[in-house]
Structures are given as structure tokens and as C-alpha cells.
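Here, each number is a calculation from the coordinates, and none is a lab measurement. If you're wondering where the values come from, they're calculated on a predicted model, not measured in any experiment. In this analysis, Cβ positions are derived from the backbone assuming ideal geometry, glycine residues included, and neighbour counts consider all displayed protein chains.
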Amino acid sequence: MSQILTALNVDSYPSQADTHSVSPLQNRLRAALEHARRVTSMYGQDRIEIALAWEMVEELGKAQRYDRAPRLSNFELYCLMNPDAPECRIYDL
């Protein structure tokens, strides 16, 4: 169980002090983080409930990072797949 706690970088998740422009995903992440901390302090580190709680924190953190990732437009995807298409050519002048 200690491997799970050390593998997660808990400091990278939002704290309760961060209250500007909070998304529903951030609210769920904060609630899951608070729940995982409470369960860990109540039961120690050798219960399956703790592993599941920290797993939820990790999954929500991944979802939040994915949500923040810049997405390519359809045109950019087309140009990546067809770099020789006339509309995708870039000329240096």
C-alpha cells in the first residue's frame, strides 16, 4: 500500500485553497482526494478500500490532465495524415 501512496504525487492535485474557476471534474477530484486521505488516516494502509480510494484519485487526475491537453482540429489531423495535400503545404518565403 505504501507503494501506491508514494507513486501518487499528491502535491500535484488541487488543494482546498484553489477556488478560482473550479470545474466539476476538479470538484470530484478534490472530494476523492479528501476521501482517500480520510480513509487512509482511519484505517492505516493495509485495506482494499484505501487502494480503491487512491485509485479513484489517480484516475480522476488522469482525466483532468487529459481534459487540459490541447486538442488538434480536424484540419490539423487531416494535415498530419496527408502532409502532401495542397492545402496542407507550408511555403517559406
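Compared with the alpha-carbon gap, the fully stretched path from Asp46 to Ala85 is longer by 8.2 nm at 0.36 nm per residue. Taking trypsin sites (Lys or Arg not before Pro) across region 26-93, the ones in a DSSP loop with at most 16 further Cβ atoms lying within 10 angstrom of their Cβ are Arg47, Arg71, Arg89. On the beta carbon distance between Leu77 and Val22, with R0 = 25 Å, the FRET formula returns roughly 0.20.
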